[in-house]
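Here's the structure we're looking at; comments come further down.
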Amino acid sequence: MKRRPIVILAVSFAVVLAAGVALAQVGTFAPSFSDVAEETASADSVPPVKDPKVPVAEKASGDAEKTPEEEEPAREKPKDIELDEPAKPAEEPTEESAEEPADSTPPKLVITSPKDGAHFGENKLKYSGVTEPGARVFAGEWEADVFDNGEWQIVLILSPGKNITTFRAQDEAGNVAKATITAHLDVSEKEFSAHQKYGTNSDPWEKFSGTGPPGTVIELLSKYGNARMVSEGSEWYLKLHFEGLQEATSFPIVLEASTGHRMEFTFTYKPKAVGFSAHQKYGTNSDPWEKFYGTAMPGTVIELGSAYGSARLVTEGYEWYLKLHFEGLAGPASFPIVLHTSTGEVMDFSFTYDPKPLGFSAHQKYGSCSDPEPYDVFFGTATPGATITVTSDYGSGSVVAGEKGGWDLKVYFTGATPGQPFVVKVSDSEGHVKKFEFVSYTGGEK
């Protein structure tokens, strides 16, 4: 019985010892209040606490401060311990504070070339400069090329004298900056001149003339027609035709030159009251064509039609001329020609084709040949349908003259002795004869 207290005492001691070991382990791994508060305030990687009323340090302190004598651990902060409050997480920014301030600064705009007030002799000038990357640069309605680094460039046409150009840069936010530069185009009025000859004309055209440097491009522009030329010498001349003029009218003509000059003229069209007339020149011809001429109001459409061909023109002045060619005429023939106009005139004519008899002719193309099988070509004229014959000791051939009397024939001279000339005779079925000489050569002998 006396040993029983000793056993109870030993068991109690063992329980206390085990509890002490457990508390020692808890004290080793759980952070203290100060450690937790310090880590919470300094660590950037810890996300902000969404409930600021519950600091991170308070949540970690309960288990770290427990003792064996305490009852069920309390989660409240001990009132008798003064702790440094951990830093409160920054409040999340409101929607207003998150917005970046609006960009109201105008973009950079610098003109680096040309120099302000510089003088030039050519009307094409390249402007360049620097702006804010991403901005756009304009000269009036024309947009410059802007590169990724903000450099920009554009080519503009100068007018004679002083040219003031304002450039405008606009960034993505809509801010605008402006810069102005002056350039002078030096063109002496004595170097270029232009003169109008009539001003008023009953014919639908006008003449211009003047002086200028060789190579000057001159353009005349109007609502009824345009003309362009490049001058070859120091003097120039240009005729401007008008189309579609039916009645008296006045309109402007603009002259532009590559020297930078621009001039304006006025032309007045006063047509004459001219009746229509038409005349046939030959009626009979040994050549297969006929000529017609007459008078008409400018702009009149004249058409000629026949079984063998047709022709058409629009008159420019009060006098007109038209040539009508015929095709497919194999021999003498007579046929009608009808004339129509856009003003309603209709006139009938007749044409007779009376070809001359073709005389006989014969020609030799080569006269010699060094090919392994030597040959020559003969050609000429004869009566259409006549037979032309080529004969020699080494070769012969024949052909019939075509509808227009032409003929040609290729003849091989097989077995001809190299270096020894021989006679070739050309004749037709009407008794004409012509003789030629031919010689063949071996390679390199000729």
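The values are calculated or read from the model by the stated rules, or taken from the named source; none is laboratory data. What you see is a predicted model; the values in this text were computed from it and never measured. Every residue, glycine among them, receives a Cβ derived from its backbone with ideal geometry; neighbour counts consider all protein chains shown.
Which residue is nearest to residue 355 (Cα to Cα), if the candidates are limited to the range 264-288 and must be hydrophobic (A, V, I, L, M, F, W, C) and either modelled with pLDDT under 95 or part of a loop (DSSP other than H, G, I, E, B) (or both)?
So, considering only residues that are hydrophobic (A, V, I, L, M, F, W, C) and either modelled with pLDDT under 95 or part of a loop (DSSP other than H, G, I, E, B) (or both), the one nearest to residue 355 (Cα to Cα) is 276.
Quick one: would you say residue 278 is out of contact with any helix residue (DSSP H, G or I) (no Cβ under 8 Å at 6 or more places or on another chain), of a type in the set (A, V, I, L, M, F, W, C) and within 30 Å of residue 332 (Cβ to Cβ)?
yes
Just wondering, is there one or more residues in the range 332-342 that are more than 55 Å from the chain's Cα centre (by Cα) and farther than 30 Å from residue 321 by Cα?
For the range 332-342, residues more than 55 Å from the chain's Cα centre (by Cα) and farther than 30 Å from residue 321 by Cα: absent.
Inspect the range 264-271 for any residue being outside the structural domain of residue 158 (by TED's automatic domain parsing) and farther than 30 Å from residue 321 by Cα and give the result as yes or no.
Within the range 264-271, one or more residues are outside the structural domain of residue 158 (by TED's automatic domain parsing) and farther than 30 Å from residue 321 by Cα.
How many residues, within the range 208-227, are closer than 19 Å to residue 123 by Cα and loosely packed, with under 12 Cβ neighbours inside 10 Å?
Selection size over the range 208-227: 2.
Of everything in the range 163-177, what is more than 22 Å from residue 118 (Cα to Cα) and part of a strand (DSSP E or B)? Give them in sequence order.
Here is the first cut: in the range 163-177, the ones more than 22 Å from residue 118 (Cα to Cα) are 169-177.
Within the range 163-177, 169, 170, 176, 177 qualify.
Which one is modelled with the highest pLDDT among residues in the range 306-318 that are in a loop (DSSP other than H, G, I, E, B) and either among the charged types (D, E, K, R) or farther than 30 Å from residue 386 by Cα (or both)? Talk me through it step by step, then tell me what you get.
From the range 306-318, those in a loop (DSSP other than H, G, I, E, B) are 307-308, 315-318; that's our starting set.
If we keep only those that are either among the charged types (D, E, K, R) or farther than 30 Å from residue 386 by Cα (or both) as well, we get 315-318.
On the way: 315: 92, 316: 85, 317: 80, 318: 85.
Among residues in the range 306-318 that are in a loop (DSSP other than H, G, I, E, B) and either among the charged types (D, E, K, R) or farther than 30 Å from residue 386 by Cα (or both), the one modelled with the highest pLDDT is 315.
Out of all the residues in the range 112-136, which are farther than 30 Å from residue 217 by Cα, touching a residue at least 24 places away in the same chain (Cβ under 8 Å) and in contact with a Ser or Thr (Cβ under 8 Å, 6 or more places away or on another chain)?
Within the range 112-136, 129 is the sole residue that qualifies.
Name every residue in the range 249-263 that is buried (at least 18 other Cβ atoms within 10 Å of the Cβ) and either assigned to a loop (DSSP other than H, G, I, E, B) or in contact with an Asp or Glu (Cβ under 6 Å, 6 or more places away or on another chain) (or both), in order of residue number.
Hits for the range 249-263 are 258, 259, 260, 261.
Among (1) charged (D, E, K, R); (2) farther than 22 Å from residue 293 by Cα; (3) within 48 Å of the chain's Cα centre (by Cα), there is one condition residue 345 misses while meeting the rest; what is its number?
(2)
List the strands (runs of 3 or more DSSP E) inside the range 319-362, counting only whole elements, that have at least 2 residues being surrounded by 12 or more Cβ atoms within 10 Å (Cβ to Cβ) and of a type in the set (Ser, Thr, Tyr).
346-353
Can residue 303 be described as touching a Phe, Trp or Tyr at 6+ places or on another chain (Cβ under 6 Å), part of a strand (DSSP E or B) and farther than 22 Å from residue 272 by Cα?
In short, no.
Considering 411, 377, 424, 399, which residue is at pLDDT 95 or above, loosely packed, with under 15 Cβ neighbours inside 10 Å, part of a strand (DSSP E or B) and among the hydrophobic types (A, V, I, L, M, F, W, C)?
On inspection, the qualifying residue turns out to be 377.
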